[in-house]
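This report concerns only the one structure given below.
A short reminder: the numbers here are calculations on the coordinates, not readings from a lab. Because the structure is a prediction, the values reported are computed rather than measured. As a convention, Cβ positions derive from the backbone with ideal geometry for all residues, glycine included, and neighbour counts pool all protein chains shown.
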Amino acid sequence: MDSSKLLGITTFIYLFSSVIYLAMFIFRFRKIGILGTTLAIIGLLVNTAGIGMRWLESYQMGIGHAPLSNMYESLVFFAWSIVLIYIIVEFIYKNRVIGAFAMPFAFGSMAYASLSPEFSDRITPLVPALQSNWLIAHVFTCFIGYAAFAVACGTGIMYLVKLRDKGDNPNSLLATLPSLKVIDDLTHKIILFGFIWLSGGIISGAVWANSAWGTYWSWDPKETWSLITWFVYASALHARFTRGWGGKRIAWIAIVGFMAVIFTYYGVNFLLSGLHSYGAS
Amino acid sequence: MKKKGNIFWDFFASVKLALFCFFTLAIASIVGTIIPQNEAPAVYIQKYGAQTAEIFRLLNIPDMYNSWWFVSLLALFSINLIVCSFDRLPTVWKMVTMDNLAVKTGRIEKLTPRNSYASSRPVAEVAAGVKEVMAAAGWKPDQREIKEGTLLFAQKTPWVRFGVYIVHLSILVIFGGAIIGALFGSKGSIMLREKGVSPYIFERGTGERLPLGFDLRVDDFSMTYYDNGSPKEYRSDLTVLQNGKEMLQKSIVVNDPLKYNGFTFYQSSYQAYEEYWVTIQNQTTGEKQTFMARPGAEIKWSQAGITFGIINLLPPDQWGRYRLKIWFSDNKGEPSVFWLGGETEVSVERIDGAYGFKSEQVYATGLQVAKDPGVWPVYIGCTMMLLGLIVAFFLSHKRVWVYIKEEEGETRLLVAGSANKNKVAFENIFDTLAEKLEENETLALNRV
Ligand code: HEM
C-alpha cells in the first residue's frame with residue numbers, strides 16, 4: 001500500500017463521515033452519529049498512516065524529509081489537524097452535531113489536494129532554502145492553528161444558524177444544536193487554542209527567516225497576511241471585554257478570520273508575489 | 001497611577017481603541033501586500049500612471065511599513081497597550097496579593113461552587129482534619145480564627161493573573177528589539193569571487209561601503225544537484241582574517257550562516273563565470289599550481305615550462321556538468337589535446353612523466369550580511385509571548401475557602417471556591433476535593 005492510495009482512501013472516508021454527520025443533523029437520525037465518529041477516527045488513522053508512509057517513501061527515494069514541504073502535503077496535514085481537533089472537541093463536548101460543521105472542511109482539504117491539477121502529489125527533494133528543521137516547526141504550528149480556525153469557523157457558522165432558532169419547537173432541526181452560550185464558549189476556546197499556534201507559527205517563521213537570510217521580518221506578503229490574520233483573532237479575544245460585542249460578532253470574526261487564513265495560505269501564493277511561493281529557491 | 005475620569009487616560013486605556021488599532025493595522029497592512037514595495041519610482045509611474053504614483057509618493061506607499069503614518073499607528077498601539085496595562089495592573093496586583101482570609105464570610109456564602117456540611121465533631125478538630133485532607137490533596141491552607149468561627153483558605157497559581165500582562169509586555173519587548181535593530185543594526189550584502197577578500201560590505205538601500213573591521217575571504221563556492229536537476233546545496237567556504245591572521249573558517253550553506261563579531265553572513269545567491277580553475281600537478285615532482293583560465297586565452301606556468309589553454313567548451317548542463325577541451329604543451333614533443341570534465345582528474349602522459357589535470361568552474365558567491373543587536377530582545381519577547389499565552393489561556397487562579405463555625409450545637413462547614421477562568425474544569429477539581437473531605441471518616445461530614 002503506498003501513500004497516495006492511503007490518502008485517496010482517506011479522502012473517501014472523510015467524505016462518508018461528512019455525509020453521515022450532515023444526514024444526522026438534517027434528518028435528525030441521532031443513531032447514525034456513532035458511525036460518523038467511527039469513520040472520522042478510522043479516517044484519521046488512515047490519514048496518519050498515509051503521512052507516515054509518505055515520509056518513509058521519501059527516505060526510500062534518498063531525499064528523506066518530513067511530508068510538509070509543498071501545497072499538496074500541507075493540505076493533507078491540514079485535513080489531518082482538522083479531524084484531530086474536531087475529534088477532541090467531540091469527546092470533550094460529547095456532541096456530534098458539531099461534526100456536520102467541521103468534517104466537511106477536512107474532506108474539502110483532502111479533495112482539493114487530490115483533485116486540483118495545480119498541485120502535484122509527487123515527492124520532490126527539498127531545495128536549499130527549505131532544508132531546515134524550522135520548516136517542520138513552522139508548517140506544523142501554522143497548520144494546527146489554521147485547522148483550529150477552520151473548526152472555529154464551523155462553530156461560528158453553527159452559531160449563526162442557531163440564532164434562527166426561535167426556541168418555539170423543541171423538535172426542530174435547530175433545537176438539536178447546542179445552546180448559543182455553549183457554541184459561543186466553544187468558538188472562543190478554539191480561537192484561543194488556534195491563536196497560540198498561529199503565534200507560534202509566525203514566531204517560528206520569523207526565527208527561520210532570520211537563520212536563512214538574516215531578517216526576521218521583511219513585510220513580505222505572506223508574513224503580512226499572517227499578521228493580518230493574527231490581528232483579526234486578537235480582536236476576537238479583546239472584543240469580549242467591550243460591551244456590544246456579543247456572540248454574533250465573535251461568530252462573524254471566526255468566519256472572517258478563517259477567510260483571512262485561506263487567503264494567507266492560498267491566495268497569497270497565487271495572487272501576490274513574495275518569498276513564500278513553495279519551492280522557489 | 002490610576003487616573004480614572006480623565007478622558008485622555010480613559011481613551012488611551014480603552015479596549016475599544018485596541019480594537020480600532022487591530023482593525024486599522026490589518027486594513028493598512030493589506031495595502032502594502034497589493035502595491036509592490038520598495039520599487040524604483042519609475043516602476044510605479046509605469047504601473048499606475050504619473051498621477052497615482054505621485055499620490056503614492058506623498059503617502060509613502062512605496063515604503064509604507066516604514067512610513068510616518070504606519071509607524072504612528074504602531075506607536076498609538078503601543079501607548080494604548082502601556083496605558084491600558086497601568087490602568088489595570090493595580091487591580092490585578094491586589095487580586096494576587098490580597099489577604100483572602102480577610103474576606104467577609106457573606107461573600108464566601110455566595111460563591112459557586114460551594115458545599116455545606118454538618119459534623120458532630122468539635123470545630124477545632126474538624127479544622128485540623130480538613131487542613132490535613134487539603135494538604136494531602138495539594139492545597140496548603142492558611143488558618144485564621146475570626147469572630148464567627150474558623151476560616152481556612154488555600155489557592156493555586158495566583159500569579160497566572162499576570163499572564164495577559166506578560167503577553168502585552170512581550171509585544172513592547174519585540175517592538176523594543178525592532179527599534180534597537182533599526183538604530184544600531186545594519187544590513188548589507190556582497191558578491192565575492194572565489195579567492196576574493198573584502199574588508200567591507202555594501203549597505204542595503206544606500207549601497208555605501210560598510211567596513212567590517214576584519215577581512216572576509218571566499219575560498220570556494222560549490223553547488224550540488226539532485227538527480228532531477230533541482231539544486232541540492234549552495235556552499236561557500238569562508239575565512240575570517242584579522243590583520244592577515246586566519247581567525248575562523250566555516251562552510252556556510254543556506255540556513256547555516258557564519259557569525260563573527262556581531263556580523264552574520266548568509267548564503268543567498270551566486271554567479272557563475274565562463275572561467276575555470278585549472279589545477280595542474282606534475283606527478284613526478286608533486287609540484288602543483290592552480291590557474292584561472294578563460295576559454296581562448298593562453299596561460300603560461302613559466303617555472304615548469306608549461307603552456308596550456310581551453311580551446312573548446314561544452315557549457316554546463318542542468319546538473320552543472322561541463323567539458324573543457326584543453327591544449328597542453330610542456331615543450332617536449334607534440335602538445336596534448338584532451339577533454340576535461342568537472343570533479344574527475346585527468347592524467348596526461350608526457351615524455352618526462354605524467355601531469356594531473358583538474359578543473360572547476362569559477363563562481364562568485366552572494367552573501368547577505370546582517371548585524372542586528374535587536375534580535376535577542378525580539379526572541380525574548382517571542383518566548384514571553386508564547387509562555388504568557390499558555391498561562392493566560394490554560395491556567396487559572398483557583399481559590400478555596402473553608403468556613404467552619406458552631407451552630408445549633410453542631411459544627412457547620414462551608415466549602416466554597418472560585419476560579420477566574422475555565423469554571424467547568426475548576427468544578428471538577430472542586431468536586432474531587434469535596435469527595436476527599438466526605439470520605440474522611442474522622443471528619444464525619446454530612447451534606448446539608
Ligand atoms: C497584538 C497585540 C495584543 C495581543 C496579542 C493581546 C493579547 C491578549 C490576550 C491573549 C489576552 C487574554 C484574553 C483572554 O484571556 O481571553 C488579552 C487580554 C486583554 N488585553 Fe490584550 N493583547 C494585545 C493588545 C492589547 C491592547 C493594545 C490593549 C489595550 C487596551 C489590550 C488590552 C487587553 C485587556 C484589557 C485584556 C483583558 C485583561 C483581563 O483579563 O483583565 N490588549 N490580550
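What does the charge count near B:Lys423 come to, summing +1 for each Lys or Arg and -1 for each Asp or Glu among other residues with Cβ under 11 Å from its Cβ?
Values: positive: B:Lys398, B:Lys421; negative: A:Asp185, B:Glu427.
Taking every other residue near B:Lys423 into account, the sum is 0.
So which lysines pass the test for A:Lys94, namely a Cα distance under 19 Å, with those fewer than 8 places away in the same chain ruled out?
Result set, ordered by chain and number: A:Lys31, A:Lys162, A:Lys181, A:Lys189, B:Lys423.
Assuming a strict under-20 Å limit between Cα atoms, what lysine pair count do you get for region B:1-160 once near-sequence pairs (fewer than 8 apart, same chain) are dropped?
Count of close lysine pairs: 14.
How much net charge surrounds A:Leu163 when only the other residues with a Cβ under 15 Å from the Cβ of A:Leu163 are counted, with Lys and Arg +1 and Asp and Glu -1? Could the numbers behind the result be given before it?
Details: positive: A:Lys162, A:Arg164, A:Lys166, A:Lys181, A:Lys248, A:Arg249; negative: A:Asp165, A:Asp168, A:Asp184.
That sum, taken over residues with Cβ under 15 Å, equals +3.
Under a crude label model (7 Å from the Cα following the beta-carbon direction), how far is B:Asn420 from B:Ala136 in nanometres?
With each label placed 7 Å out from Cα toward Cβ, I get 3.2 nm.
Please get the size of the charge dipole for region B:7-95, origin at its Cα centre, with Cβ charges of +1 on Lys and Arg and -1 on Asp and Glu, quoted in debye to the nearest 20. Display every interim value, and only then the final one.
On the way: 5 positive and 5 negative charges, 45 e Å.
Roughly 220 debye for region B:7-95.
Want the number for B:Ser186 to B:Gln242: 0.36 nm per residue separation, take away the alpha-carbon distance, what's left? Please report the intermediate quantities before stating the final value.
Details: separation 56, 0.36 × 56 = 20.16 nm, distance 2.07 nm.
Stretched out fully, the B:Ser186 to B:Gln242 stretch lengthens by 18.1 nm.
Using the Cα centre of the protein assembly as shown as the reference point, and only Cβ charges (+1 on K/R, -1 on D/E), how large is the resulting charge dipole? Debye, rounded to the nearest 20.
In total the dipole reaches around 2620 debye.
Have a look at B:Trp68, B:Ala26, B:Tyr48 and report the one farthest towards the positive end of the charge dipole of region B:7-95, computed about the Cα centre with Cβ charges (Lys/Arg +1, Asp/Glu -1).
Toward the positive end, the furthest listed residue is B:Ala26.
Test of understanding: extend the Cα→C-beta vector of B:Glu408 to 7 Å, then name every residue of region B:137-153 with backbone N under 20 Å from that spot.
B:148-150
Which of these, B:Val92, B:Val160, B:Val71, has the largest mean-square fluctuation under a Gaussian network model of chain B (Cα springs below 10 Å)?
Residue with maximal mean-square fluctuation among B:Val92, B:Val160, B:Val71: B:Val71.
Check cross-link reach from B:Lys358 to the lysines: straight Cα distance under 25 Å, and skip same-chain residues fewer than eight apart.
B:Lys195, B:Lys232, B:Lys250, B:Lys288, B:Lys300, B:Lys325, B:Lys332
Under the 0.36 nm per residue contour assumption, what length would be gained going from the current alpha-carbon distance of A:Phe27 and A:Ala49 to full extension? It would help to have the intermediate numbers written out before the result.
Working: separation 22, 0.36 × 22 = 7.92 nm, distance 3.31 nm.
Full extension from A:Phe27 to A:Ala49 adds 4.6 nm.
Taking each residue of A:124-130 in turn, how many C-beta atoms of other protein chains fall within 10 Å of its C-beta, and what is the average?
Details: counts 3, 7, 3, 7, 12, 6, 2.
For this peptide, the per-residue mean of nearby foreign Cβ atoms is 6.
What FRET efficiency comes out for the pair B:Thr344/B:Ile30, r = Cβ-Cβ distance, R0 = 45 Å, nearest 0.05?
Values: r = 55 Å, r/R0 = 1.22.
The calculated FRET efficiency here is 0.25.
What are the chymotrypsin sites (Phe, Trp or Tyr not before Pro) within region A:6-54 that DSSP puts in a loop, where the Cβ has at most 16 other Cβ atoms within 10 Å?
On the way: sites: A:Phe12, A:Tyr14, A:Phe16, A:Tyr21, A:Phe25, A:Phe27, A:Phe29; in loops: A:Phe27, A:Phe29.
Filter output for region A:6-54: A:Phe27, A:Phe29.
Rounded to the nearest 20 Debye, what is the dipole magnitude of region B:404-445 about its Cα centre when Lys and Arg each give +1 and Asp and Glu each give -1 at the C-beta? Present the calculation step by step, with values, prior to reporting the outcome.
Numbers: 5 positive and 10 negative charges, 84 e Å.
Result for region B:404-445 is approximately 400 debye, rounded to the nearest 20.
Could you run the Karplus curve 6.51 cos²θ - 1.76 cosθ + 1.60 with θ = phi - 60° over region B:412-429 and give me ³J(HN,Hα) per residue in whole Hz, x for Gly and Pro?
Rounded to whole hertz, the list is 9, 10, 10, 10, 9, x, 8, 9, 7, 8, 6, 4, 5, 4, 5, 4, 5, 4.
With unit charges on the beta carbons (Lys and Arg positive, Asp and Glu negative) and the dipole taken about the Cα centre of the protein assembly as shown, which residue among B:Leu324, A:Ser114, B:Pro122 sits farthest to the positive side?
Checking the options against the dipole of the protein assembly as shown, the answer is B:Pro122.
How big is D, in µm² s⁻¹, for the protein assembly as shown by Stokes-Einstein at 10 °C and 1.306 mPa s if Rh is the Kirkwood radius over C-alpha pairs?
On the way: Rh = 31.1 Å.
It comes out at roughly 51 µm²/s.
Pulled fully out, how much extra length does the chain show between B:Thr157 and B:Gln249, if you take 0.36 nm times their separation in residues and subtract their Cα-Cα distance? List each step's numbers first, then the result.
Values: separation 92, 0.36 × 92 = 33.12 nm, distance 4.98 nm.
Full-extension gain reported as 28.1 nm.
Between B:Ser170, B:Ser189, B:Ser302, which gets the highest mean-square fluctuation from a Gaussian network model of chain B, Cα cutoff 10 Å?
The residue that fluctuates most here is B:Ser302.
Taking A:Lys248 as the anchor, which aspartates and glutamates have their alpha carbon closer than 18 Å to its alpha carbon, excluding any fewer than eight residues away along the same chain?
A:Asp165, A:Asp184, A:Asp185
Work from the charge dipole of the protein assembly as shown (Cβ charges, +1 for Lys and Arg, -1 for Asp and Glu, about the Cα centre) and give the residue of A:Thr37, A:Gly201, A:Pro67 farthest towards its positive end.
Farthest towards the positive pole: A:Thr37.
Calculate one ³J(HN,Hα) per residue across region A:171-180 by plugging θ = phi - 60° into the Karplus curve 6.51 cos²θ - 1.76 cosθ + 1.60, and present them in order as whole Hz with x for glycine and proline.
With coefficients 6.51, -1.76 and 1.60, one gets 9, 6, 4, 6, 5, 6, 6, x, 5, 3 Hz.
Quick check: net charge around B:Glu441, other residues with Cβ under 14 Å of its Cβ, Lys/Arg +1 and Asp/Glu -1? Walk me through the numbers before you get to the answer.
On the way: positive: B:Arg121, B:Lys436; negative: B:Glu125, B:Glu132, B:Glu435, B:Glu438, B:Glu439.
With Lys, Arg at +1 and Asp, Glu at -1, the neighbours total -3.
Show me the three semi-axes of the equivalent ellipsoid for chain A, from the C-alpha gyration tensor (sqrt of 5 times each eigenvalue), largest first, rounded to whole Å. Kindly include the intermediate steps, with their values, before the conclusion.
Numbers: eigenvalues 218, 122, 34 Å².
They are 33, 25, 13 Å, listed largest first.
Would you grab the residues whose amide H sits under 5 Å from the one on B:Ile201? Only those 5+ places off in sequence or on another chain, please, with H modelled 1.01 Å from N.
Amide H to amide H, under 5 Å and 5 or more residues apart or across chains, B:Ile201 pairs with B:Leu210, B:Leu212.
Tell me, what HN-Hα J-couplings in whole Hz come from the Karplus equation 6.51 cos²θ - 1.76 cosθ + 1.60 at θ = phi - 60° for each residue of region A:28-41, using x for Gly and Pro?
6, 8, 4, 5, 7, x, 4, 5, x, 5, 4, 4, 4, 5
Suppose we keep just the alpha-carbon trace of chain B; what are its Rg and Dmax in angstrom?
37.9, 127
What percentage of all Cα-Cα pairs in region B:120-222 are separated by more than 25 Å? Can you show the working numbers first?
Working: 3265 of 5253 pairs.
Value for region B:120-222: 62 percent of Cα pairs lie more than 25 Å apart.
If all Cα-Cα distances of region B:7-95 are sorted into 10 Å bins from 0 onward, what percent lands in each bin, rounded to whole numbers?
Per 10 Å bin, starting at 0, the Cα pair percentages come out as 16, 35, 23, 15, 8, 3, 0.
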